[in-house]
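What follows is a single structure, written as structure tokens, with notes after it.
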Amino acid sequence: MAEDDYYTVVFHHGGVLVSEPHMEYIGGVVDSWANVDIDRILIPFVEWRFEELYGDNAKYKTVYWLDPGLEVKDGLRPLENDTDVRMLYSIVHEKAQNKEIHFYFEHEDEVEVIDGDSEDDDCGDSEDDVYKPRHEDEGGDSEDNEDDADDEDHEDDEDEIVVDIGSGTVGCSGNPMPKSKKPKKQKWRACNGRPRYPNIEDVQRPHEARNTVDDADDEGGYHSDQMGSIRGDSDDEGRYEIKPPQFNEAAPFGQVDLQLYMLFPTLKMLKQAVKDYTIALGRPVKQVKADKGRCKYTCEQGCDWNIFCSWAEVHGSYQIKTFNPTHTCSRKLKNHQATSKWVADKLVEFMRQVPDMTAVDAFKYMASTFQVRLADMKIYRAMRIAREVVEGSEKDQYEILMDYCMELLTSNAGSTVGIHVERPDLSFPAMFDRLYCCFDACKKGVLSGCCPLIGLDGCFLKGYYGGTLLVAVSQDGNHSFYVIAYVIAYAIIGQETKDTWSWFLTRLFEDIGHPKDVGCEFISDMQKGLLPAMEELAPGTKHRFCLRHLEVNIWNYWRIAELRNLLWDCARCLTMLEFEKKFLELKELSMLAWTYLNNLQHHNWTRVAFSTTSKNCALTNNMSKQFNAAIVKMRGKPIISMLEEIRVYLMNKMNKIRKQLTQYRGPITPAAQTKLEVAK
Ligand SMILES: [Zn+2]
């Protein structure tokens, strides 16, 4: 006989074969014999082996062999007659690359149920029964009983069927059965508390099982299909018992698997798993029973789906005791199981990848990835929770703001960073009031390369604590070609008042020099408190009012469309003659509007009166608006996250412009050159 014809025969027995929802062999144990001559694998061989396991005259109902390469759910073939045997030969020869043949025994229905209390003290609370062969009862049933195993070895020696994969000692090859192996009591046992374990078909082959289980344990987590477990007794090589599947905590959404008898370290983990599982299915469920040690869910729409989990003393963990996995109800997109906290957990990873995530992004992400539709408020709440996880809570960031500022000063020598705190008494803790920041690179850039026109603006912060961000922005000589905004400084304050603007401007003038000394002008939206502060700190400084802002004011007061056009015409005039003519037209159109404009200084709004030192004829405060628009998504973040993102934005912007301009060759800036070319 060629060596190729020797196979390892694996018997799955003691379990229950169920056909719903698909064919599955639940529970039982596995025995194997190596080096079996395939020609001997006939029906009598199988019967004889079964009797060895369960005693003389023991009968099974049906035995199935597993088509190699297939799974139990679709690969079981009955072995009842010679035709079946011939089919087994031909298929196994062709497909069983690993030289293994698996048999599954379906036991007789009539079993004598024996109370297991006397032998299995730890089997107390389960209603589940299991078929057990003789040697299972006497052999020390798991690694939990390792201490007992030695004591019982001698019993094993007497009663155990000797199975040695390595040596090839197999009964079917002609070795006589030891006389001592007479079966004792031929009874099926139903052990209270020893549950039937599912997915026996997924257990590794005997010779693989030991390594795989060890590896899985080393990794600290494993899938339920890696649950083969070698029994501790050295005489039992080749035999292993099936552990219940362990829940795989690392399973991604959509692949969370719940199975009957699955084990969970904590009840919280089970609840989370049920949540993921049911949301992925699109079937809302409700919790109908919950206390410290157990919980039960049923289908919200009233179908038969249900799951019950409670503490299993024998495994030292929580276990699914009953589970009907079949929903007959329809799928629903709204699922109240998807709570804000659950949504936040799912959003955290997405937020790390997309820091600028908006509510719309979050809604789309949840709908496409998790198939749930969420209400707006739930999205907002979840985003806030997720943001706190990702960026740390807003309050925590204020606590380390001083450290952050010190770090800024260390890494940006020459910069000005200052925090103003309120502390009425030394017994009070310092409370944040304002922050000012002006990077050395910005200072140098403005003084050496920007037009002396500085835009001032303030915008609201959208975080939990609110506040206002004041910015001073300037443009370089290429402003009309590249959108270039140099933020000279920014400050975070409670609200815009004369006091806060004074505080900001004082620091700004310290950094870039007093307007009278450097000859710079300002443009703003006439913010509250800004004009009095400016008048106090730098009286006589030319200050433009954003024409867009003036236009809105005039429209709000007089609602005359023609006035708006005339206002722009007047503002664009470059000669006094031209201006006076247009201004007269405006006067004829609306005397009140003319009076309003005439009360302003001409240099506040029309080019004809702008000084020539600014080298920038901007009528609007667009540079500030551009900067505000660029940081709009940063304005809702906790303070350090926002400051850091603004810093990175400025750094990238400067670097980009520097790279672009290093490639440019010419006496004047590209923007000015373009204008000249057009004017030629
Ligand atoms: Zn249902």
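The values are calculated or read from the model by the stated rules, or taken from the named source; none is laboratory data. Note that the coordinates shown come from a computational prediction; the quantities given were computed from them, not determined experimentally. Every residue, glycine among them, receives a Cβ derived from its backbone with ideal geometry; neighbour counts consider all protein chains shown.
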(message) What's the number of the only condition in (1) modelled with pLDDT of 90 or more; (2) within 16 Å of the ligand (Cβ to nearest atom) that Q337 fails to meet?
(response) (1)
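Among helices (runs of 4 or more DSSP H) lying entirely in region 529-648, which contain 1 or more residues that are among the hydroxyl-bearing types (S, T, Y)?
Working: elements: 530-537, 547-558, 561-572, 576-589, 591-598, 622-630.
Fully inside region 529-648 and qualifying: 547-558, 591-598, 622-630.
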(message) Going by what's in this entry, would Y404 be described as farther than 28 Å from L270 by Cβ and either in a helix (DSSP H, G or I) or modelled with pLDDT under 90 (or both)?
(response) yes
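Out of L263, L258, L270, L347, which single residue is in contact with a helix residue (DSSP H, G or I) (Cβ under 6 Å, 6 or more places away or on another chain), closer than 30 Å to V30 by Cα and crowded, with 19+ Cβ neighbours inside 10 Å?
Working: L263 fails: in contact with a helix residue (DSSP H, G or I) (Cβ under 6 Å, 6 or more places away or on another chain); L270 fails: in contact with a helix residue (DSSP H, G or I) (Cβ under 6 Å, 6 or more places away or on another chain); L347 fails: closer than 30 Å to V30 by Cα.
Going through L263, L258, L270, L347 in turn, just one is in contact with a helix residue (DSSP H, G or I) (Cβ under 6 Å, 6 or more places away or on another chain), closer than 30 Å to V30 by Cα and crowded, with 19+ Cβ neighbours inside 10 Å: L258.
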(message) Can you find a residue that is in contact (Cβ under 8 Å) with a residue 24 or more places away in the chain, surrounded by fewer than 17 Cβ atoms within 10 Å (Cβ to Cβ), near the ligand (Cβ under 8 Å from one of its atoms) and not in a helix (DSSP H, G or I) anywhere in region 290-297?
(response) no
(request) Identify all residues within region 298-320 that are more than 13 Å from the ligand (Cβ to nearest atom), of a type in the set (V, I, T) and under 24 Å from P252 (Cβ atoms); write none if there are none. (result) I320
(message) Against the conditions (1) aromatic (F, W, Y); (2) within 16 Å of the ligand (Cβ to nearest atom); (3) part of a helix (DSSP H, G or I), where does Y365 fall short? Just the number, please.
(response) (2)
(message) Residue under question is T326, and the condition is that it be closer than 24 Å to E20 by Cβ, within 11 Å of the ligand (Cβ to nearest atom) and assigned to a helix (DSSP H, G or I); does it hold?
(response) no
(request) Being part of a strand (DSSP E or B) and among the basic types (K, R) is the filter; apply it to region 275-289 and report the residue that is farthest from the ligand (Cβ to nearest atom). (result) K289
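Return yes when Q287 is closer than 30 Å to E349 by Cβ and either modelled with pLDDT of 85 or more or touching a Cys at 6+ places or on another chain (Cβ under 9 Å) (or both) and no when it is not. Steps first, answer last, please.
Values: closer than 30 Å to E349 by Cβ: yes; either modelled with pLDDT of 85 or more or touching a Cys at 6+ places or on another chain (Cβ under 9 Å) (or both): yes.
Considered against the rule, which asks whether it is closer than 30 Å to E349 by Cβ and either modelled with pLDDT of 85 or more or touching a Cys at 6+ places or on another chain (Cβ under 9 Å) (or both), Q287 comes out as yes.
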(request) Within region 418-443, count every residue that is outside any strand (DSSP E or B) and either of a type in the set (S, T, N, Q) or in contact with a Gly (Cβ under 8 Å, 6 or more places away or on another chain) (or both). (result) 3
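Please note which strands (runs of 3 or more DSSP E) are completely contained in region 1-100 and include at least 3 residues that are modelled with pLDDT under 80. Show your work before the answer.
On the way: elements: 6-13, 16-18, 24-26, 29-37, 60-66, 76-78.
Answer list for region 1-100: 29-37.
So which residues in region 263-287 are charged (D, E, K, R) and closer than 20 Å to C303 by Cβ?
So in region 263-287, the residues charged (D, E, K, R) come out as 268, 271, 275-276, 283, 286.
Of everything in region 263-287, those that are charged (D, E, K, R) and closer than 20 Å to C303 by Cβ turn out to be K275, D276, R283, K286.
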(request) Kindly establish whether E313 is within 28 Å of H22 (Cα to Cα), in contact (Cβ under 8 Å) with a residue 12 or more places away in the chain and of a type in the set (D, E, K, R). (result) no
(request) Within region 329-358, work out how many residues are of a type in the set (K, R) and assigned to a loop (DSSP other than H, G, I, E, B). (result) 3
(request) Could you look through region 93-106, keep only residues that are more than 21 Å from M23 (Cα to Cα) and more than 43 Å from the chain's Cα centre (by Cα), and pick out the one that is surrounded by the most Cβ atoms within 10 Å (Cβ to Cβ)? (result) K99
(request) Inspect all residues belonging to region 264-274 and state whether any of them is within 16 Å of the ligand (Cβ to nearest atom), of a type in the set (S, T, N, Q) and at pLDDT below 90. (result) no
